[in-house]
Amino acid sequence: MRRRHPTALAVLALAMAPMPALAHHPMGGEAPAHAWQGVLSGIAHPVIGLDHLAFLVAAGVLAATMRQRAAIGVLLAFLAAGLTGAVLHLAGLGLGPVEAMVALSVLLAGVALLAAPARPRGGAPAWLALGFALAGLFHGHAYAEAVTGSGPGTILAYLLTLAVMQAAIGLGAMAAARQFGAASQRRWAGMAAALAGVVALGSAVLA
């Protein structure tokens, strides 16, 4: 039975894990000092930031309910907006309670997954594409905190690796959901992602 629910179990595990919302630093809290550390940080951040990881997995499962072109489009919207958010952070422009908004995006991704149709639809509705972009803006802004004070080459290495890593996780979750998923599994994944969002939101509010 467990073999039939890999996606739901993966997201559920994320939901039950503790979420260190403000501790997304693989370098022990220090900013990367050179390009190689930027690469390592870019690889690690989408994984050790469990709220970010929960969103990427849920987003990939949600993208699996769309046709290929629409799915790639919404994931690209998330990545492009994430780069914009990172640039805003590095330029010293704030976006308000970023960690709370990241947590809210995880919760809403779970809700959207619960509301997804039983069978894959054609494209992505405009509100969903906009939601992916807004989520990317806040996730990217939060990610940029890790390289505040780093040099330009380090920042570039970090952002490029980060984008590749996020794309790999999102596309991997989408492929797994298409290969093994069913409507019931998407509902389980949606509930788990929503729970993860609630936990992360509570952590952000109490921090």
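Structural remarks
- Test: residue in segment 25-42 that is open to solvent by 20 Å² or more (accessible area, probe 1.4 Å) and under 17 Å from residue 193 (Cβ atoms): no
- Selected residue [surrounded by fewer than 22 Cβ atoms within 10 Å (Cβ to Cβ), touching a residue at least 60 places away in the same chain (Cβ under 8 Å) and either in a helix (DSSP H, G or I) or not small (Gly, Ala, Ser) (or both)] from 174, 165: 165
- Neighbours by Cβ (under 8 Å, 6+ apart or cross-chain): first from segment 189-207, open to solvent by 50 Å² or more (accessible area, probe 1.4 Å); second among the acidic types (Asp, Glu) and part of a helix (DSSP H, G or I): 207/99
- Residue that is out of contact with any Phe, Trp or Tyr (no Cβ under 8 Å at 6 or more places or on another chain) and closer than 12 Å to residue 62 by Cα, where the choices are 175, 204: 175
- Of all residues making up segment 153-162, the number that are open to solvent by 30 Å² or more (accessible area, probe 1.4 Å) and either modelled with pLDDT under 95 or of a type in the set (Gly, Ala, Ser) (or both): 1
- Of the helices (runs of 4 or more DSSP H) contained entirely in segment 24-132, not one carries at least 3 residues that are within 28 Å of residue 156 (Cβ to Cβ), out of contact with any helix residue (DSSP H, G or I) (no Cβ under 8 Å at 6 or more places or on another chain) and at pLDDT below 90.
- Scanning segment 88-116 for residues that are crowded, with 19+ Cβ neighbours inside 10 Å and free of Cβ contacts under 8 Å to residues at least 60 places away in the same chain turns up 89, 98, 101.
- Residue list for segment 53-87, restricted to those being touching a Pro at 6+ places or on another chain (Cβ under 8 Å) and either of a type in the set (A, V, I, L, M) or surrounded by fewer than 24 Cβ atoms within 10 Å (Cβ to Cβ) (or both): 53, 56, 64, 66, 67
- Count of segment 140-176 residues, restricted to those that are within 12 Å of the chain's Cα centre (by Cα) and closer than 15 Å to residue 74 by Cα, is 8.
The values are calculated or read from the model by the stated rules, or taken from the named source; none is laboratory data. Computed from a predicted structure; not experimentally measured. For neighbour counting, all protein chains shown are included, and Cβ atoms are generated from backbone atoms with ideal geometry for every residue, glycine included. Just so you know, the surface numbers come from the protein's heavy atoms only, side chains and all, with ligands and any DNA or RNA stripped out. Shrake-Rupley method; radii C 1.70, N 1.55, O 1.52, S 1.80 Å.
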